[in-house]
1. Determine if the stretch 241-252 includes at least one residue that is assigned to a strand (DSSP E or B), of a type outside the set (Asp, Glu) and open to solvent by 20 Å² or more (accessible area, probe 1.4 Å).
2. Of all the residues that make up the stretch 69-96, how many are over 19 Å from His194 (Cβ atoms) and surrounded by fewer than 22 Cβ atoms within 10 Å (Cβ to Cβ)?
3. Out of the stretch 370-385, which residues are open to solvent by 50 Å² or more (accessible area, probe 1.4 Å), hydrophobic (A, V, I, L, M, F, W, C) and under 29 Å from Gln137 (Cα atoms)?
4. Scanning the stretch 294-348 for residues that are among the acidic types (Asp, Glu) and out of contact with any Pro (no Cβ under 8 Å at 6 or more places or on another chain), which turns out nearest to Gly270 (Cα to Cα)?
5. Note down all Cβ pairs under 8 Å where the first residue falls in the stretch 59-71 and is over 8 Å from Ile336 (Cβ atoms) and modelled with pLDDT of 95 or more, the second is of a type in the set (Ser, Thr, Tyr) and part of a strand (DSSP E or B), and they're at least six residues apart or on different chains.
6. From the list Glu326, Glu304, which one is under 22 Å from the mean Cα position of the chain (by Cα) and either of a type outside the set (Ser, Thr, Tyr) or over 20 Å from Tyr70 (Cβ atoms) (or both)?
7. If I ask for residues that are of a type in the set (S, T, N, Q) and either touching a Pro at 6+ places or on another chain (Cβ under 7 Å) or open to solvent by 10 Å² or more (accessible area, probe 1.4 Å) (or both), which ones from the stretch 267-280 would you list?
8. Scan Ile266, Ile236, Ile251 and give me the residue that is out of contact with any His (no Cβ under 6 Å at 6 or more places or on another chain) and modelled with pLDDT of 95 or more.
Amino acid sequence: MVTGPTFAEMLHPQKINPAVRAEAAAALDADPLNPLNLYNITWRDPNNEIYHLVLPKALTGVEAEIVVIYGGRFPSGSHKVGAAYSVLLEMQLMGEVDPALHTLVWPSTGNYGIGGAFIGCRMEYDSIVVLPEEMSQERFERIRAYGARIIRTAGSESNVKEIYDEVKRLRASDPNIRILNQFEVMGNYRFHYHVTGNTIVELAGDLQRKGVGSGQISAYVSAMGSAGTIAAGDRIKQVWPDHKIVGLEPIQCPTLYNNGYGAHEIQGIGDKHVTWIHNVHNMDALMAIDDMDCLKGLRLLAEETGRQTLTRRFGIDEAQVQCLAETLGISGICNIIGAIKTAKFFSLSAEDVVVTVATDAMERYGSVMSKLRDVQGPLDEADATAILDGSFHRAGLDWVQEGSREARERWHNLKYYTWVEQQSKSVAELDAQRDPAWWIDHQERVGEIDKRLLEQREQQQAIH
């Protein structure tokens, strides 16, 4: 069976066999379908530097340092490929899947499905991605390019119930179907807890050596789709107990905020339910972001007039603007706006560092930006200035809910309707998640998984 790196190697790729790592680094751009790209699942570049951007204050409008780690250099163009790999690797090591027997189904609203198509097909599994028909055209094209089949369900980003219904039908149709549900399986949580979380912890020291921050992370901000990425905050808080974990969702679909519902345009987040793997008891604040601010914010970087305005009128370095334009997608803009709100809400200073994430990049949203231009017309300097001022600088303290004991209990209780009533979890299983020990147990399984993979490698080497 095809495998890739351990959790330890994803966190510190310098631990990978140097010859394998060199071949993998060369394959990332030259041979993107090569299974060696599994060894490029890491937040670090070939020089072991963490992929990150320190945002200019002319963009953020706050004194606190806002730092974005970005996933566009992962195989498949998004860090969601790491979660997909971890989920499949664990199932394979536990003997739950076999490429000679099983078809994998990846329920998704986008990037996890793309990652699943990449991982599943590279590890020689027949793969099906189930996602809503209204997602960006670029997502469907990428899935097909990786060799997976597609089943389109009704609706858009927030129509996850329709995905679950189709998955249930598929499971009943074939005993060899295996569902890799990112919203439920703890491999997703473990990847971000261990790899993303520890990467951010180590980034704090790197930043301090460059004169940014005081050597710790004051807040971590992440929108919730599957709620895998926000799991990094659980690790960061273990290092700095006063650290703040802030979750984001769309104003147009404020499920945790006020049991709200609706469709929205921030692809990858706001899926109209509370996921099983979300440790809501560890979240310090919840904020809702307007999807139109995110679309307009991305347009500011997508169009030449917007980029020129940032450089000429606001003095942001041209190369830095170009890097932002290539690095951010819609949810990345959402996370930045949330980070600005976080800095304001917690009154953070220049010594504080707020870290957030860019899941994917502009390449996935050309069709979305084209539709926006058709509706709104051409962008001029006045429009660009208004976007920077309105969407970024004036991000306010509306739509903010602190993680009080009462709020956390309400967020937890919302899991009941999806997971107990619809997905066959028991009340006892749900109640167990209130205990921090439940989460710690899942965190500590990383070592056992790495041990199993290393033993498998030794067996394969002995055979060859």
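The values are calculated or read from the model by the stated rules, or taken from the named source; none is laboratory data. Here the structure is a predicted model, which means the values were calculated and not measured. Reconstructed Cβ throughout: ideal geometry from the backbone, glycine too, with neighbour counts over all protein chains shown. With ligands, DNA and RNA removed, areas are computed over all heavy atoms of the protein, side chains included. Shrake-Rupley method; radii C 1.70, N 1.55, O 1.52, S 1.80 Å.
1. The answer is yes; a qualifying residue exists.
2. The number of residues fulfilling the criteria is 4.
3. Val375
4. Step by step, filter the stretch 294-348, then rank; the result is Glu326.
5. Val67/Thr356; Ile69/Thr356
6. Glu326
7. Gln267, Asn279 - these are the residues of the stretch 267-280 that are of a type in the set (S, T, N, Q) and either touching a Pro at 6+ places or on another chain (Cβ under 7 Å) or open to solvent by 10 Å² or more (accessible area, probe 1.4 Å) (or both).
8. After applying the criteria, what remains is Ile251.
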